[in-house]
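Here is the structure we will look at.
Every number in this text was worked out from the coordinates using simple rules, so none of it is lab data. A quick note: this is a predicted structure, and the numbers were derived from the prediction, not measured. Here Cβ is always computed from backbone atoms with ideal geometry, including for glycine, and neighbour counts include all displayed protein chains.
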Amino acid sequence: MASVLTDSRGFATTGSQTQTLEPRKSRKRSSSLLGAEIPGDTSAPAISTSRSPAARQASKSRRRKLSKQRQDGQMIPGPENFFLWYKEMSYRHTWVNPLIAMLVIIGCYLPNPTRSNWAHDFIFVAYPLEEKGPNGEQLYSKGLGDGKFLFFYTLFFTFTREFIMQRILYPLSQKLLPKSTRRNKSTIARFLEQAYTAVYFSVFGPLGLYVMSQTPGLWFFNTTPYWSTHPNIIHTGIFKAYYLLQWSYWLQQAIVLVLMLEKPRKDFKELVIHHIVTVALITLSWRFHFTYIGLSVFITHDISDFFLATSKVFNYIDSPITGPYFVVFIFSWVYLRHYHNLWILWSVFYELPYVGEYYLDWDEPHYKCGLAKLVISTLLSALQLVNIFWLYCVLRVAYRYVFKAELADVRSEDEGGEEDDDVGFDDDDTKTPTLEETPKIQLNGEALASPIDGQATGFGNHKPNGIHKRA
C-alpha cells in the first residue's frame, strides 16, 4: 500500500513530493448577507447579552460548587448556600428578579383594587380629572406620582425583554439562524436583541400613529399644534399611557447601556449619545409640556426602528429578501428620520416664536420662549447629526453589497467566533464539553491521547520534524 504523508500544515504528500493546495479563489456573492452589521439605535444590549468575562467566570465557579453539592447528596440548597443558588439562578434567568418585584406590587394592589391603594398609581396612570374630553373620554393631568408608573413599567420592560428573548426568541434562533452561526454567541445575542426590538416597535409604531390620529390637529405630522396648544398638560388616558410607556422603555434601555460591561461595539459612542439625547428629549418635553412634538419624534423613530430591526433579523437568518427589504428600510429611514425630522426642526426655528404667545412664566406655567427654542433645537440637531452619521454607515453597507463582488461576512468588528458557552439560557445540555469533561479512550486499561491534544488517537506516529505517517 502506498504511504501517504501529511506535514504539520495539513498538506498531503506522496513520497517526497508535496501536493500544495491552490489558494481559494474569490467567491461571488451567493448569499443575501449584507456583509456588515447594519448600524442604528436598535443595538442596545439586554442584560443577558451584555455580560463581562468576569461575570461568566463567576457563574462557572458557582455552577461547580452547586454541582459538587449535588454529588455530595445535597440536592436542596441549605440556608448557607441558598444565596449562591439564587444568585446563579437569577444570573441565568434574568427575567426572574423584575418579575418578583412586579408581583410584589401587584400583590399589594389586588386586596384593595381602588385608587385609594398606594400601589394603584404604579400600575395605572394617575391624576384623573373630573372633566371629560370632547368625545367623553377620561382626561388626565401630570404630577410627581407619574414616577411610580415609570418605575413599574421599567421593571415590566426589563422582564418582558429578558423573558421573550430567553424563552421564545432563543429557541426560534436555533431554527432560523444558519447552522454555521447557531452556536456563535455574538450572532445569537444580536439576533435576539433585534428580534425583540422588532416585536416592540411593531406594537408601538402603529400605536403612536393611532394616538396621533386621536389627537386634534396633529395628523399627519402637522407642526402648528406643537406650539398653538402649548402647554400640553392635560391628555387622554391613551396619550398619557403611551408617552409614559415609551419613557419607561427608553429608560430601561439607557440603564442597561450604562451598566454594560461587555466590549463596546464600534458605534458605541454614537449609541450612547443617541440614548442620552432621547431620554433628555422625553424628560424635558414631559416636564415642560411639549408632548405633541415629542409624539411626532417618537413615531418617526419607532417606525424606522421597526424596519431597521427587521432588516437586521433578515440579514442574520440569511433571508432571500434581505436585499430588497434593505432598500425599503433605507427609504423609511430617510423619509422619517430626515425628511420629517428636518421639518420638525424647521418648525422650531420658524413657528415656535410666532405661533401663539412667546414668553416664559414659571408659575403659570408657560415655557414657549427663547430658552425652549435653544434647548429643543440643540437636542433635535444632535439627534439629527447622529442619524446622519448612521445614514452614512448604512449607505456604505449598501454600496458594498451592490458593487463588491466578494462577500465578507464580518458583521461588526467585535463579533467574533466565540462559541455560545453562556448567553443566559438553559443550554447546559448542549454545551461543548471542556477538556476535563472529554471522555477518555482506553486500550487495555491505559488511556490513549485525546484527539483534542492534536494527535490522531491510535493511528499516527508523531515525527520530530512535524511529519505524520499513516499506512
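The table below lists the values:
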| quantity | calculated |
| --- | --- |
| Anisotropy class of segment 94-224 from Cα gyration tensor, a/c 1.5 cut | oblate |
| Check: segment 92-240 dipole with +1 on Lys, Arg Cβ and -1 on Asp, Glu Cβ, in debye | 1020 |
| Cβ-based charge dipole, segment 84-172, positive-most Cα from C108, P128, Y170 | Y170 |
| Sorted by Cβ density within 10 Å, fewest first, the residues F83, F159 | F83, F159 |
| Nitroxide proxy distance, nm - points 7 Å out along Cα→Cβ at I321 and K132 | 4.4 |
| Karplus-derived HN-Hα couplings along segment 372-381 (A = 6.51, B = -1.76, C = 1.60, θ = phi - 60°), whole Hz, x at Gly and Pro | 4, 4, 5, 5, 5, 5, 5, 5, 5, 5 |
| Of K185/K312; K65/K87; K240/K266; K142/K368; K148/K266; K266/K312, those spanning more than 24 Å from alpha-carbon to alpha-carbon | K240/K266; K148/K266 |
| Summed side-chain charge close to S319 - residues other than S319 whose Cβ falls under 14 Å, Lys, Arg +1, Asp, Glu -1 | +1 |
| Segment 205-211 - phi-based ³J(HN,Hα) in whole Hz, Karplus 6.51/-1.76/1.60, Gly and Pro as x | x, x, 4, x, 5, 5, 4 |
| For segment 147-213, fraction of C-alpha pairs farther apart than 19 Å, in % | 46 |
| Using θ = phi - 60° and Karplus 6.51 cos²θ - 1.76 cosθ + 1.60, couplings along segment 304-310 (whole Hz; Gly, Pro as x) | 5, 5, 4, 5, 5, 5, 5 |
